[in-house]
Amino acid sequence: MLIELKNVNKYYQNGSQRFHVLKHINLAIDRGEFLSIMGPSGAGKTSLINLIGFIDRQFEGEYLFNGKSYQQASDRTLSRIRNQSVGFVFQNFKLIGNNTILENVELPLLYGDLSKRAAKPIVEKALERVGLPNSSQKIPNELSGGQQQRVAIARALVHQPKFIIADEPTGALDSQTSAEIMQIFRDLNQQEKTTIVLVTHDSQVSQYGERLIKILDGAIIADQEVTPRALH
Ligand SMILES: Nc1ncnc2c1ncn2[C@@H]1O[C@H](COP(=O)(O)OP(=O)(O)O)[C@@H](O)[C@H]1O
Ligand SMILES: [Mg+2]
């Protein structure tokens with residue numbers, strides 16, 4: 001298993017109030033899976049993926065990644081694992097507005113100690129992969145929302161991540177553009193066997209995956225196979 005959560009519970013402390021945000025989560029995700037997570041706003045989806053993506057380790061229970069627990073690891077080790085193993089894609093793209101597309105996509109590589117020169121061909125390949133071969137000198141505002149999300153996916157790809165976490169990646173896009181973006185995720189999953197963990201509100205979007213879990217009030221209430229959606 002790539003990811004295994006065993007009886008995970010998480011609480012937020014607000015003053016004297018303790019809020020039980022994740023309840024007895026048991027979840028195993030295999031290499032190469034494409035998992036969608038659905039649930040109403042406030043259900044705990046982002047809390048769950050922050051934990052899976054090594055952003056948060058304030059929880060009870062066990063998280064095994066490649067069979068290993070990082071709960072006792074140093075912050076430094078955890079950032080290294082996060083940078084090398086996880087690609088993040090967000091609803092609002094989170095690109096740096098006054099940096100070029102090239103600079104945005106190369107950033108994780110520079111954090112990983114690569115030189116700009118060594119990073120360049122990797123960045124170009126990633127931009128090609130997402131269908132944006134000639135945009136590296138532009139800035140994010142010169143691109144459409146769909147193109148900016150492609151840049152964010154390219155940035156998520158440069159380290160050949162073990163898995164991609166996408167939190168509502170189509171939440172700010174129209175349905176045609178959403179379909180194009182979802183097709184990129186589907187291709188990455190099918191052609192490169194990239195594991196994908198997708199959060200969405202949109203049941204159409206959830207059908208690009210092969211497995212769907214539903215979360216309500218912090219608990220997994222369904223875990224089912226998805227019948228593949230006809231391509232259009
Ligand atoms: N840092 C925090 N401190 C306290 N409560 C939080 C915090 N982050 C989220 N919550 C609460 O936890 C619940 C789940 O939030 P979240 O994981 O963001 O849900 P979702 O992504 O499904 O909308 C919500 O009620 C939210 O208000
Ligand atoms: Mg959320």
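Hey, does the range 142-152 have a residue that's more than 28 Å from residue 45 (Cβ to Cβ), more than 19 Å from the chain's Cα centre (by Cα) and without any contact (Cβ under 8 Å) to a residue 60 or more places away in the chain? First the steps, then the outcome.
Taking the range 142-152 first, the residues more than 28 Å from residue 45 (Cβ to Cβ) are 142.
Narrowing further to those that are more than 19 Å from the chain's Cα centre (by Cα): 142.
Subsequent filtering for residues that are without any contact (Cβ under 8 Å) to a residue 60 or more places away in the chain retains 142.
The answer is yes, given that some residue of the range 142-152 is more than 28 Å from residue 45 (Cβ to Cβ), more than 19 Å from the chain's Cα centre (by Cα) and without any contact (Cβ under 8 Å) to a residue 60 or more places away in the chain.
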- Item | residue 25 away from ligand 2 (no atom under 16 Å from the Cβ), closer than 23 Å to residue 210 by Cβ, β-branched (Val, Ile, Thr) and at pLDDT 95 or above | no
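Would you point out which residue out of 165, 181, 196 is without any contact (Cβ under 8 Å) to a residue 60 or more places away in the chain, within 17 Å of the chain's Cα centre (by Cα) and open to solvent by less than 30 Å² (accessible area, probe 1.4 Å)? Don't jump to the end; show me each part of the working.
Values: 165 fails: without any contact (Cβ under 8 Å) to a residue 60 or more places away in the chain; 196 fails: without any contact (Cβ under 8 Å) to a residue 60 or more places away in the chain.
The unique qualifying residue is 181.
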- Note on the structure: Pairing a residue in the range 11-27 that is of a type in the set (A, V, I, L, M) with any residue that is open to solvent by less than 50 Å² (accessible area, probe 1.4 Å) and modelled with pLDDT under 95, where Cβ atoms lie under 6 Å and the two sit 6 or more apart in sequence or on different chains, gives none
- Which of (1) within 16 Å of ligand 1 (Cβ to nearest atom); (2) of a type outside the set (Ser, Thr, Tyr); (3) out of contact with any Leu (no Cβ under 8 Å at 6 or more places or on another chain); (4) modelled with pLDDT of 95 or more is the odd one out, the single condition residue 173 does not satisfy? (1)
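Pick from 6, 45: which is open to solvent by 50 Å² or more (accessible area, probe 1.4 Å) and in contact with a strand residue (DSSP E or B) (Cβ under 6 Å, 6 or more places away or on another chain)? Talk me through it step by step, then tell me what you get.
On the way: 45 fails: open to solvent by 50 Å² or more (accessible area, probe 1.4 Å).
Matching residue, one of 6, 45: 6.
Regarding residue 202, is this residue of a type outside the set (Ser, Thr, Tyr), within 16 Å of ligand 2 (Cβ to nearest atom) and without any contact (Cβ under 8 Å) to a residue 60 or more places away in the chain? Give the derivation first.
On the way: of a type outside the set (Ser, Thr, Tyr): yes; within 16 Å of ligand 2 (Cβ to nearest atom): yes; without any contact (Cβ under 8 Å) to a residue 60 or more places away in the chain: yes.
Judged against the criteria, residue 202 is a match.
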- Could you check, for the range 58-77, whether at least one of its residues is within 13 Å of ligand 1 (Cβ to nearest atom), touching a residue at least 40 places away in the same chain (Cβ under 8 Å) and among the hydrophobic types (A, V, I, L, M, F, W, C)? yes
- Going through the range 71-92 one residue at a time, which ones are buried (at least 17 other Cβ atoms within 10 Å of the Cβ) and of a type in the set (Val, Ile, Thr)? 81, 86, 89
- In the range 1-28, the residues that are among the β-branched types (Val, Ile, Thr) and touching a Ser or Thr at 6+ places or on another chain (Cβ under 9 Å): 3, 21
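Answer with yes or no whether residue 223 is surrounded by fewer than 19 Cβ atoms within 10 Å (Cβ to Cβ), within 16 Å of ligand 2 (Cβ to nearest atom) and closer than 22 Å to residue 27 by Cβ. Working first, answer last.
Details: surrounded by fewer than 19 Cβ atoms within 10 Å (Cβ to Cβ): yes; within 16 Å of ligand 2 (Cβ to nearest atom): no; closer than 22 Å to residue 27 by Cβ: yes.
Taking the combined requirement at face value, the residue does not satisfy it.
List the strands (runs of 3 or more DSSP E) inside the range 135-232, counting only whole elements, that have at least 2 residues being β-branched (Val, Ile, Thr) and farther than 19 Å from residue 32 by Cβ. Spell out how you get there, then give the answer.
Numbers: elements: 163-167, 195-199, 211-216, 219-225.
Where strands (runs of 3 or more DSSP E) fall fully within the range 135-232 and carry at least 2 residues being β-branched (Val, Ile, Thr) and farther than 19 Å from residue 32 by Cβ, they are 219-225.
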- Query: Residues in the range 36-46 that are within 13 Å of the chain's Cα centre (by Cα) and within 13 Å of ligand 2 (Cβ to nearest atom): how many?
  - Reply: 3
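Can you tell me which residue among 95, 127 is under 22 Å from residue 177 (Cα atoms) and open to solvent by less than 20 Å² (accessible area, probe 1.4 Å)?
That would be 127, the only listed residue that is under 22 Å from residue 177 (Cα atoms) and open to solvent by less than 20 Å² (accessible area, probe 1.4 Å).
The values are calculated or read from the model by the stated rules, or taken from the named source; none is laboratory data. Keep in mind that this is a model prediction, so the values were computed, not measured. Note that we place each Cβ from the backbone using ideal geometry, even for glycine, and neighbour counts take in every protein chain shown. Side chains included, ligands, DNA and RNA excluded: accessible areas come from the protein's heavy atoms. Shrake-Rupley method; radii C 1.70, N 1.55, O 1.52, S 1.80 Å.
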